[in-house]
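Each reported figure results from applying straightforward, stated rules to the coordinates on display, with no laboratory input. The structure displayed is predicted, hence computed values, not measured ones. Cβ: placed from backbone, ideal geometry, glycine included. Neighbour counts: every protein chain shown.
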Number of protein chains: 2
Amino acid sequence: MTIPDKMKALLLVDDGYSTERSDARLDSMAAYVHLGEIDVPKPGPSQVLLKVSLASINPSDVMFVKGLYGQPRHRGQPAGFEGVGIVAAAGDSPEAQRLVGQRVAFATGLSNWGSWAEYAIAEAAVCIPVIDSVKDADAAAMIVNPLTALAMFGIVREEGEKAFLLTAGASQLCKLMMGVARDEGYRPIAIVRRDDQIEMLKQAGAAHVLNETAPDFSQKLQEVMRAEQPRIFLDAVTGPLAGQIFNAMPKGARWIVYGRLDTATTPIPEPGQLIFMRKRIEGFWLTEWMRKSSLETKIATIREAQMRFADGRWATDINAVVPLEDAIAMVPAEHAKPNGKVFIRP
Amino acid sequence: MTIPDKMKALLLVDDGYSTERSDARLDSMAAYVHLGEIDVPKPGPSQVLLKVSLASINPSDVMFVKGLYGQPRHRGQPAGFEGVGIVAAAGDSPEAQRLVGQRVAFATGLSNWGSWAEYAIAEAAVCIPVIDSVKDADAAAMIVNPLTALAMFGIVREEGEKAFLLTAGASQLCKLMMGVARDEGYRPIAIVRRDDQIEMLKQAGAAHVLNETAPDFSQKLQEVMRAEQPRIFLDAVTGPLAGQIFNAMPKGARWIVYGRLDTATTPIPEPGQLIFMRKRIEGFWLTEWMRKSSLETKIATIREAQMRFADGRWATDINAVVPLEDAIAMVPAEHAKPNGKVFIRP
């Protein structure tokens, strides 16, 4: 494979972190990245250079380009945490060399050279060779969401209660999680904002779907709490809605925040519940989970994700595939549509 | 000892729980208890009947009579979780019989027959014989606050960081905790509301004392956080101040709520910190700690508390001792004064 000297990429406009509050909506691409031409990067000894076939856009990417994710931005470097591509070159290590010419799903969280580009750099350790039957769109979204889904469902499993709550229930992530949950006899309770998502999510594995905008939402929430006694609340939204849900949960409830779609103030409605009902509030971050999990856990989790895509139990819903050159103009509108993912094709 | 048939007591006005928000201030006694005459209760087999010498008023009593503590009220029964008295009669069990005639510190959380009365009932297992050198006021406040102090300081010890934060720093509980902390080389950071508490708390063991009402409070808070990197925040206040403190804390911070002096909405200023900084929010309740701790831990903790009072390392600051008959009229004003405790003498 001939590798050019220069490449097109979506490059970060700012350095470090932002101090402005924001959420995972993508009002604009131009405020955070610009289309530019830079040198094709060289892989380090344990890294590979990828010819990117398809790059995904996750909520974590949006928070990252805004400077609100837990790692700093580097101005002028490509954004994008995840993608699928062909290994075009590799560093000297045998692990890297072994991947040359293969089609792999990759993540760039460790290399900091993003996937929204013609070429990307990834550590060989976070490249997963994919079999031909796995589609590009599934491979490009095989790491961040699926690992988050399986890792968070692991928390539910450990807690032992069959019922659990999810906000932003129509997200790709939640749909993946609910599929696994139903297969194992768990009872996901999904909170959504639109009636037309209710049937879709029941098919995806939800035991209950509540529309938070319905006039009888509070009453239905109470009924579901009484009937199902969920103890884990996986929350991508925060804000007053999340506070209300936590408040209605039974003794021993755990509110686990992993995203922030609502930037309104997040209240703890009754702090006395922390004292007398053993409730608690914590967070989940995939990076932290990766850091503290054993290698065996990670390998088993990645293998389960790949098998689910290969045999069709999991599939990625696609809203749009946008060419790299058109991404700044086209992505915001496509990203605002519900129920599916947006990809960038270099 | 001759035991009368009837006794005077402060009796609960309401049943069960309240749904009104309130705090640990005692605006009125008459709203929650009334002075009445009832039959002297009979101890069960494992219980003792106490001729009460002195009964204490703790924040937990205030929350309980208001119906905001984690156990239900029973209308017409005496309030009061703690006191000191002479064992006037006992049930048939040898543990109970052994205590007859002794002066004991007692807690009524298990018997539900309170100490704000001429006679009270307690389980023999939560009666601690006290030596003559321990004053009544120390004995009457030997269980709830001291055990809470030692149990919560145990959380600090387990976490391993020397610095930790306390709100309501001038409370009896915090003063007890800070004394233990200093003895073991820990560095308490106390948050108070008055400048005249600063010197007193430094003498009580605080490494830093910050006045939350000072104009440079936010700046001083930042400085102390940078210098001391506290990881545990023991919070009796909640509300916006507590949110601000938690927000300024470093990675891995734990906000442990054990009281609620501020009924304003408690915000989580930056929920992203739960995700990216491994921060979490939980509660502490002595009843729960008692339930889950081993007998050895409880005995060792009670022994340490008694030794600290006996040898003078701990002492109870007294605001007032109010006769039972005058309690409804006099307690609210005495209870509103800072820095010391109020006792009821039947």
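Each other copy holds its own label point for A:Ser22; taking that point as 7 Å from Cα along Cα to Cβ, the gaps run 4.7 nm, nearest first.
Comparing B:Thr266, B:Thr297, B:Thr316 in a Gaussian network model of chain B where C-alpha atoms under 10 Å apart are linked, the largest mean-square fluctuation is found at B:Thr297. With 0.36 nm allotted per residue and the present C-alpha distance subtracted, the A:Ala315-A:Ile155 stretch has 55.3 nm of extension available. Summed over qualifying helices (DSSP H, 4 residues or more, each -39500 (n - 2.57)) and divided by its residue number, the protein assembly as shown shows a 222 nm mean residue ellipticity of -9000 deg cm²/dmol. Residue by residue, the range B:235-246 carries 3J(HN,Hα) couplings of 10, 9, 10, 6, x, x, 4, 4, x, 4, 5, 4 Hz when phi is fed to the Karplus relation 6.51 cos²θ - 1.76 cosθ + 1.60 (θ = phi - 60°); x denotes Gly or Pro. The P(r) of the range A:144-287 has a tail past 28 Å containing 9 percent of all C-alpha pairs. For B:Lys6, a cut-off of 14 angstrom between C-alpha atoms picks up these aspartates and glutamates, skipping any fewer than 8 places away in its own chain: B:Glu37, B:Asp39, B:Glu118. On the basis of the beta-carbon distance and an R0 of 41 Å, A:Lys6 and A:Thr287 show a calculated FRET efficiency of 0.85.
What residue among B:Pro215, B:Pro250, B:Pro59 shows peak mean-square fluctuation when chain B is described by a Gaussian network model with Cα springs under 10 Å? It is B:Pro215. Put simply, the convex hull of the Cα atoms in the protein assembly as shown casts, on average, a shadow of 33.3 nm².
P(r) for chain B, from all Cα pairs and a bin width of 20 Å, is 30, 57, 13, 0 %, short bins first. Among residues of chain B, the one whose Cβ lies closest to the rotation axis carrying chain B onto chain A, together with that distance rounded to whole Å, is B:Ile281, 2. Put the Cα centre of the range A:128-184 next to the Cα centre of the range B:43-58 and the gap is 56 Å.
Extension gain for the segment A:Ala31 to A:Gln97, taken as residue separation times 0.36 nm less the Cα-Cα distance, is 20.0 nm to one decimal. Here the calculated FRET efficiency for A:Phe217 and A:Glu325, from their Cβ-Cβ distance with R0 = 51 Å, stands at 0.75, rounded to the nearest 0.05.
The lysines within cross-link reach of B:Lys341, meaning a Cα-to-Cα straight distance under 27 Å and a gap of 8 or more places when in the same chain, are B:Lys8, B:Lys51, B:Lys66, B:Lys135, B:Lys175, B:Lys202, B:Lys298.
I need the trypsin sites (Lys or Arg not before Pro) found in the range B:49-120, filtered to DSSP loop residues with at most 16 other beta carbons within 10 Å of theirs. Passing sites in the range B:49-120 are B:Arg75, B:Arg98. A:Glu199 label point (Cα plus 7 Å toward Cβ) to equivalent points in the other copies: 7.7 nm, shortest first.
Axis of helix A:217-228 versus longest Cα principal axis of chain A: the two differ by about 90°, to the nearest ten degrees. Listed by chain and number, the lysines whose alpha-carbon sits under 18 Å from that of A:Lys292, ignoring those within fewer than 8 places in the same chain, are B:Lys251, B:Lys279.
Extension gain for the segment B:Lys337 to B:Arg194, taken as residue separation times 0.36 nm less the Cα-Cα distance, is 50.2 nm to one decimal. The GNM of chain A, with springs linking C-alpha atoms under 10 angstrom apart, assigns the highest mean-square fluctuation among A:Ile275, A:Ile57, A:Ile232 to A:Ile275. Across the range A:101-118, rounded Karplus estimates of 3J(HN,Hα) from the backbone phi angles (6.51 cos²θ - 1.76 cosθ + 1.60, θ = phi - 60°) give x, 8, 8, 9, 7, 9, 10, 10, x, 8, 8, 6, 10, x, 8, 7, 6, 5 Hz, Gly and Pro being marked x.
If you take every DSSP beta bridge whose two residues both sit in chain A, what share of them, in percent to the nearest 5, is antiparallel?
Values: 33 of 57 bridges.
Antiparallel bridges: around 60 percent, rounded to the nearest 5.
Karplus-derived 3J(HN,Hα) values for the range A:267-275, using 6.51 cos²θ - 1.76 cosθ + 1.60 with θ = phi - 60°, are x, 9, x, 10, x, x, 5, 5, 7 Hz; glycine and proline are entered as x. Here B:Gln71 and A:Gln203 are evaluated by their C-beta separation; at R0 = 45 Å the FRET efficiency comes out at 0.50. Inter-copy label distances for B:Asp326: 8.7 nm (label point placed 7 Å from Cα along Cα→Cβ; shortest first).
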